[in-house]
């Protein structure tokens, strides 16, 4: 069930003197089972683009096909599109609205008019997938959750609709390192075990580097790059020129290469870095 | 070193006296010294923000005391003076910006101090200049990027000429450029203007630029000291759910493999220097 974006343009306040075009001629395809990162400076159009994937925005110019369904087709079943493509917002407070965790997560399945036993099963499964304990947290007041638990509850609410594609819009912002790592582990598991397509928007280059196989770079409403993670982070001069950065590890490797260390390109993780630095040092010792 | 802020046995309960009472701070005794940059870290819910809100009397202790330059925050008559000494910047700049034009927003604080017009203009100019924001002077805040908005919020506090600025996760929602620019400006305010900084953050690559760090856990201070010393105790730090800087992790790994690497590395540049020395000695 791929997402196809064809010649997509988008303007806010179209037809008024305040019209502002925010997306320009976007073309891309996201295939089933991919893990795609979307990065770009603030206001580059990342969120506006991603909100076209589940018909929160309907294109006026160009089109978006979700599993072959054209979202601007008047006959299109947008409810089904939105169940297939789940969208998790940056701020869980915008997403959670019911008084308790259980009621919030049950909202989607209840709207699908499923029988009570089926709803409960889906809620239980969704909570299980994100690591929220059904017994202790089902009746918990939403406001009594920690920041990390709120994000997980928001993801569970979307998962309860059984999406095949999950859009995660900067879902780790403001979390502490452990909370961040827990959420990332949940996302990896959804991708690996259930083969859910993940579209991961983030301001953390380290996070994107450790998670995504492919990265789309958006700047000024246009696709600036669309390539494998390694190839994107190899274009660091361009990334820096639009205000992005490299993962911390890549900065270190780049500077060591400039200082004459023979290290391979495309190193993105601490372990890879450690391994290649130590082999380079051993090689130098051996040559002595 | 002179103490600018001192907390003595500070305990704070949210919803005090009700059945939902929650203890957020538990007998915290600590100091903020004049002229330092103090990083405050710890997991969400560990009490960082609650502690920071005591520094300018937004909250007052349930038990114990907080002094700002010797003034007790529990004394209502002191509050106005305390807020002149300690300014506060929050995570979300939208909660802090009040006017429709940047320069008016920055003038808001000085106007409320009842300063003469000429002095207000001078302070707005100075704040804009100091933070390199002059080009944004006549912009509308809602047209700025999140990073720029956060800079304007800092300028608004700076125009009050506080001795200390407390920043509560000011970079949490910014993109990489926004994060870098906010950090650079904050460091500059400290080094060039001598302003004492309390910086709450989850990013260890920000903490390493601070003079001292505090690690909070369950409403108490778990560790405190210079970042170099704290990051050396990496196993202890992991239990608090915090990260270790990338350079420290790589240095630690190389050390374990038997290479002669300094054990006190936290900055990328230090690691590079150290590796280059190793390279030239082989």
- Item | Difference of contour (0.36 nm per residue) and Cα-Cα distance, residue A:227 to residue A:241 | 3.2 nm
- Message: I need the calculated FRET efficiency for the pair residue A:139 and residue B:193, taking r as the beta carbon distance and R₀ as 45 Å, to the nearest 0.05.
- Response: 0.30
- Note: B:169-181 gets an average of partner chain Cβ contacts (10 Å, Cβ to Cβ) equal to 5
- Message: Please compute the contact order of chain A in relative form: average sequence separation of alpha-carbon pairs under 8 Å and at least six residues apart, divided by the residue count, as a percent.
- Response: 21 percent
- Item | Between helix B:176-193 and chain B: long-axis angle, C-alpha atoms, 0 to 90°, nearest 10 | 80 degrees
- Using a Förster distance of 45 Å, how high is the FRET efficiency between residue A:189 and residue B:264, based on the Cβ-Cβ distance and rounded to 0.05? 0.75
- Task: On each of the three principal axes of the Cα atoms of the stretch A:3-244, give max minus min coordinate, whole Å, ordered largest first.
- Result: 49, 44, 35
- Item | Value of relative contact order over the stretch B:136-257, rounded to a whole percent, pairs C-alpha under 8 Å and six or more apart | 17 percent
- Query: What percent does the relative contact order of chain B come to when contacts are Cα pairs within less than 8 Å and at least six residues apart?
  - Reply: 21 percent
- Query: Roughly how compact is the stretch B:3-230, stated as its Cα Rg over 2.2 N^0.38 Å to two decimals?
  - Reply: 1.00
- Note on the structure: Ranked by GNM mean-square fluctuation in chain A (Cα springs under 10 Å), the top entry among A:117, A:250, A:269 is A:117
- Message: If you take each beta carbon of peptide B:244-253 and count the beta carbons of other chains within 10 angstrom, what is the mean?
- Response: 4
- Task: Can you tell me what the convex hull of the Cα atoms of the stretch A:205-271 projects to on average, as an area in nm²?
- Result: 4.5 nm²
- Would you mind classifying the protein assembly as shown by shape? Square roots of the alpha carbon gyration tensor eigenvalues, ordered a ≥ b ≥ c; an a/c under 1.5 is rounded, otherwise it is prolate if a/b is larger than b/c and oblate if not. rounded
- Could you tell me which of rounded, prolate or oblate describes the stretch A:247-288, using a ≥ b ≥ c as the square roots of the eigenvalues of the alpha-carbon gyration tensor, with rounded for a/c under 1.5 and, failing that, prolate when a/b is larger than b/c and oblate otherwise? oblate
- Query: What does a probe at residue A:18 reach in the stretch B:93-115, counting residues whose amide N is under 18 Å from the point 7 Å along Cα→Cβ?
  - Reply: B:98-102
- Quote the FRET efficiency, to the nearest 0.05, computed for residue A:259 versus residue A:97 with a Förster distance R0 of 56 Å and r equal to the Cβ-Cβ distance. 0.55
- Between the alpha carbon centres of the stretch A:136-199 and the stretch A:226-288 the gap in Å comes to 31 Å
- Query: Using the alpha-carbon atoms, what tilt in degrees (0 to 90, nearest 10) does helix A:116-130 show relative to the longest principal axis of chain A?
  - Reply: 10 degrees
- Note on the structure: Row for the stretch A:34-119, column shape: gyration tensor on C-alpha, a ≥ b ≥ c, rounded if a/c < 1.5 i.e. under 1.5, prolate if a/b over b/c, else oblate; value oblate
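Read-outs: derived from the displayed coordinates by stated rules, not from any lab. From a predicted model like this one, the values you see are computed outputs, not experimental measurements. Cβ coordinates were reconstructed from backbone atoms using ideal geometry, including for glycine residues, and neighbour counts include every protein chain displayed.
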